[in-house]
Amino acid sequence: MMNEVEQDRQQVIKVEHLTKRFGHFTAVDNISFEVYKGEIFGFLGANGAGKTTAMKMLCGLSKPTSGKGSVAGYNIEKESESVKANIGYMSQKFSLYEDLKVWENFRLFGGIYGVNDKEIGPRTDEMLAQLGFEKEKNSLVSSLPLGWKQKLAFSVAIFHEPKIVFLDEPTGGVDPVTRRQFWELIYKASDRGITVFVTTHYMDEAEYCNRVSIMVDGRIDALDSPRNLKSIYNAANMNEVFIHLAGGSNRKAD
Amino acid sequence: MKQFLVFVRKEFYHIFRDVRTVMILLLMPVVQIILFGFALSSEVNNVKIAIFDPSKDHATQLITERISASKYFKVVKMISDPDDVESLFKSGKANIVLLYSEKFHENLIHTGHAQIQLITDGTEPNTANAVTRYATNIIMASQKELLQSQVPSVTRPAITSEIIIIPEVKLLYNPQMKSSYNFVPGVMGLILMLICAMMTSISIVREKEVGTMEVLLVSPMRPIYIIISKAVPYFVLSFVNLTTILLLAVFVLGVPISGSLFWLIFISLIFILVALSIGLLISTLVDTQVAAMLISGMVFMMPTMVLSGMIYPVENMPWILRLISNFIPAKWYIIAVKKLMIQGLSIDSAFLELGVLFTMAMVFILISLKMFKKRLA
């Protein structure tokens, strides 16, 4: 039943038997999954479970040892340039230029992603208005509080209307209120049809995702909606699910 | 192309919004050229010389005359007792003492051996060196004169061996022995190296450290363009610096550009390319700005200062250091600048240096691109 519904939807990420080895170490071990258009896909796992390596392969930064995958309809190995043009990315480290003004950051990344010159200005104003940051257009990014920067970074990541946006622990070090606001932005983007692929350490955030995968030792040990996962593992919340699965890890966290 | 332009503009924002960077980039060349040009000058004027002349013959008189006629020396005393030498130095009345052997001219003619001793104050080695060099040059010139006028050709070789003189080619083109002639090419090499290698590597590594490099690599901008657009602003600024240095050299230090300005700029651009590629290489090897600074400072700047011939002549070094000096790009650049700028030779004479620098640029660029790609795999 569920499967039929999913097949009607458009697959924007499709991964089959993806593996990455570094010497004898298998960082990502034969993972397969699909992500659908407009979905908020949570990519969970303890530190060192292989999340970052898997995400790098999806973004075209790293070549898989074996297996294949496509992102936004492009082969991640052979068409990484096209993959990159169709995704947005926001890293766990802060990813805007602190010594540039807010609008200059939009201008820069808009230019890098080939957004039309004439559109950059109005779109910047529009996005700032959405955030309520109109007054900060000419401020240096370094002068803004962390929560604001994070929201800005997200806006910059989706500025070129990517098909998918990858968020690597986007809310690290941010207070609960700002995190809540940040997730509202994620929902808005998802409503517009942008697929959100997000890694997080906060299990309450995992509850906000449509579906969640949990990586343990390079494998995906569970993949389902938070509600189904909780009932499968008979857990009260995602935290218990996560501990149940990740507790069996043989790998040391880095 | 548009990507490239917005990126280069961003790079200029980085540079001009950081006061320290602007200071380093635009003021340092001026400060360095003035420091090296004036403060570190090895030029010495009005050297107080005392002379002990037991022979008082034709030859010694000729040499003494030449010395007192020179603008560098002031004969303060003719001493009669060689034991006075020490007290002269202690009281600071003389910087150098010249002692002729007895029967100087007679010995010179009959045996081909005549001795002159130069005593200087070694507590100030640079001054002592310079002073000895001046005196030696004058003695050598006088000796030539004496030989030509009086001594039969048979005895010629024997005489020259007695007075130890290392003729310096530099003298030919620098008749006043102005040290700025030597320092200007050196400072040019040093500053261009410092700005290109250090600043480029730091600016790239900073993006890695802050995390923006990751964002750039995920963007559709190709890594090669990221690298080129990071290097372009420093290339432009190095050119500005080159112009500043040349203007200062000509109008403040009075060092003329005797050769072709075009080729001087051409070879400087090749050298800037080498320095930029070294900066790129460093940036692929390290992950923190501090490490980048240390590597460009210690591994590249120190050898550049010591082994490039900028301060110490390379020819006098042990063979192992001479060998290593061949791998210092600045050495080749400085040699070329001396040829093209000071000596006014044509570009033909600097083909070797040009070739070496060009090869170095290519090799460094290839290695750093390889390293950069390897990191991404």
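The values are calculated or read from the model by the stated rules, or taken from the named source; none is laboratory data. Fair warning: this is a prediction, and the values are worked out from it, not measured in the lab. Every residue, glycine as well, gets a Cβ built from its backbone with ideal geometry; the counts of neighbours run over all protein chains shown. To get the accessible areas, we keep the full protein, side chains included, count just its heavy atoms, and leave off ligands, DNA and RNA. Shrake-Rupley method; radii C 1.70, N 1.55, O 1.52, S 1.80 Å.
Of the conditions (1) surrounded by fewer than 19 Cβ atoms within 10 Å (Cβ to Cβ); (2) closer than 28 Å to A:Arg180 by Cβ; (3) within 14 Å of chain B (Cβ to nearest Cβ); (4) over 21 Å from the mean Cα position of the chain (by Cα), A:Val141 satisfies every one except a single condition; which number is it?
(1)
Out of curiosity, is A:Ala157 under 14 Å from the mean Cα position of the chain (by Cα) and either closer than 23 Å to B:His14 by Cα or among the hydrophobic types (A, V, I, L, M, F, W, C) (or both)? Give the steps one after another, and end with the answer.
Working: under 14 Å from the mean Cα position of the chain (by Cα): yes; either closer than 23 Å to B:His14 by Cα or among the hydrophobic types (A, V, I, L, M, F, W, C) (or both): yes.
Yes; evaluated as a whole, the condition is true for this residue.
If A:Phe242 passes every condition in (1) exposed (fewer than 14 other Cβ atoms within 10 Å of the Cβ); (2) part of a helix (DSSP H, G or I) but one, which one does it miss?
(1)
Pairs, please: C-beta under 6 Å, at least 6 apart or cross-chain, first residue more than 7 Å from chain A (Cβ to nearest Cβ) and open to solvent by less than 60 Å² (accessible area, probe 1.4 Å) and in the stretch B:6-17, second at pLDDT 90 or above and not in a helix (DSSP H, G or I)?
Here the result reads none, with nothing in the stretch B:6-17 linked to a residue that is at pLDDT 90 or above and not in a helix (DSSP H, G or I).
Within the stretch A:46-93, track down each residue that is open to solvent by 10 Å² or more (accessible area, probe 1.4 Å), within 12 Å of another protein chain (Cβ to nearest Cβ) and part of a strand (DSSP E or B).
Result: A:Tyr74, A:Tyr89.
In the stretch B:1-118, which helices (runs of 4 or more DSSP H) lie fully inside it and hold 1 or more residues that are closer than 22 Å to B:Ile195 by Cα? If you could, list the steps in order and put the result at the bottom.
Details: elements: B:2-17, B:19-22, B:28-34, B:58-69, B:85-90, B:104-110.
By residue number, B:2-17, B:19-22, B:28-34.
Out of the stretch A:204-225, which residues are touching a residue at least 60 places away in the same chain (Cβ under 8 Å) and outside any loop (DSSP other than H, G, I, E, B)?
Taking the stretch A:204-225 and keeping what is touching a residue at least 60 places away in the same chain (Cβ under 8 Å), we get A:205-206, A:208-220, A:223.
Once the filter is applied, which keeps residues that are touching a residue at least 60 places away in the same chain (Cβ under 8 Å) and outside any loop (DSSP other than H, G, I, E, B), the stretch A:204-225 yields A:Glu205, A:Ala206, A:Tyr208, A:Arg211, A:Val212, A:Ser213, A:Ile214, A:Met215, A:Val216, A:Arg219, A:Ile220, A:Leu223.
Limited to the stretch B:194-216, what total is found for residues that are under 34 Å from the mean Cα position of the chain (by Cα), modelled with pLDDT of 85 or more and open to solvent by 10 Å² or more (accessible area, probe 1.4 Å)?
Number satisfying all stated conditions: 4.
Within the group B:Ile245, B:Ile257, B:Ile227, B:Ile191, which residue is part of a helix (DSSP H, G or I), more than 14 Å from every other protein chain (Cβ to nearest Cβ), more than 30 Å from A:Val83 (Cα to Cα) and modelled with pLDDT of 85 or more? Reasoning before the result, please.
Numbers: B:Ile257 fails: part of a helix (DSSP H, G or I); B:Ile227 fails: more than 30 Å from A:Val83 (Cα to Cα); B:Ile191 fails: modelled with pLDDT of 85 or more.
Testing whether each residue is part of a helix (DSSP H, G or I), more than 14 Å from every other protein chain (Cβ to nearest Cβ), more than 30 Å from A:Val83 (Cα to Cα) and modelled with pLDDT of 85 or more leaves just B:Ile245.
Restricting to the stretch A:101-120, and then to whatever is surrounded by fewer than 20 Cβ atoms within 10 Å (Cβ to Cβ) and within 8 Å of chain B (Cβ to nearest Cβ), can you tell me which residue is farthest from B:Pro223 (Cα to Cα)?
Restricting to residues being surrounded by fewer than 20 Cβ atoms within 10 Å (Cβ to Cβ) and within 8 Å of chain B (Cβ to nearest Cβ), the top hit is A:Asp117.
Consider only pairs whose beta carbons are under 7 Å apart and that are at least six residues apart or on different chains; among these, list those whose first residue lies in the stretch B:354-366 and is in the same structural domain as B:Ile334 (by TED's automatic domain parsing) and whose second residue is of a type in the set (Phe, Trp, Tyr) and in a helix (DSSP H, G or I).
Hits for this filter: B:Val356/B:Trp332; B:Leu357/B:Phe271; B:Leu357/B:Trp332; B:Leu357/B:Tyr333.
May I ask you to list the residues in the stretch B:60-106 that are open to solvent by 30 Å² or more (accessible area, probe 1.4 Å) and aliphatic (A, V, I, L, M)?
B:Ala69, B:Val75, B:Val76, B:Met78, listed by residue number.
Go through the stretch B:210-224 and give me each residue that's facing chain A (nearest Cβ under 9 Å) and of a type outside the set (Gly, Ala, Ser). Can you show your working first?
At the first step, the residues of the stretch B:210-224 found to be facing chain A (nearest Cβ under 9 Å) are B:210-212, B:214-222.
Passing the criteria: B:Val210, B:Thr212, B:Glu214, B:Val215, B:Leu216, B:Leu217, B:Val218, B:Pro220, B:Met221, B:Arg222.
Select, from B:Leu369, B:Leu352, the only residue that is modelled with pLDDT under 85 and farther than 17 Å from B:Phe262 by Cβ.
B:Leu369
For the stretch A:163-187, which positions are among the charged types (D, E, K, R), assigned to a helix (DSSP H, G or I) and touching a residue at least 24 places away in the same chain (Cβ under 8 Å)? Break it down stepwise before answering.
Step one: list which residues in the stretch A:163-187 are among the charged types (D, E, K, R), which gives A:163, A:168-169, A:175, A:179-180, A:184.
If we keep only those that are assigned to a helix (DSSP H, G or I) as well, we get A:179-180, A:184.
Listed by number, the list holds a single entry, A:Arg179.
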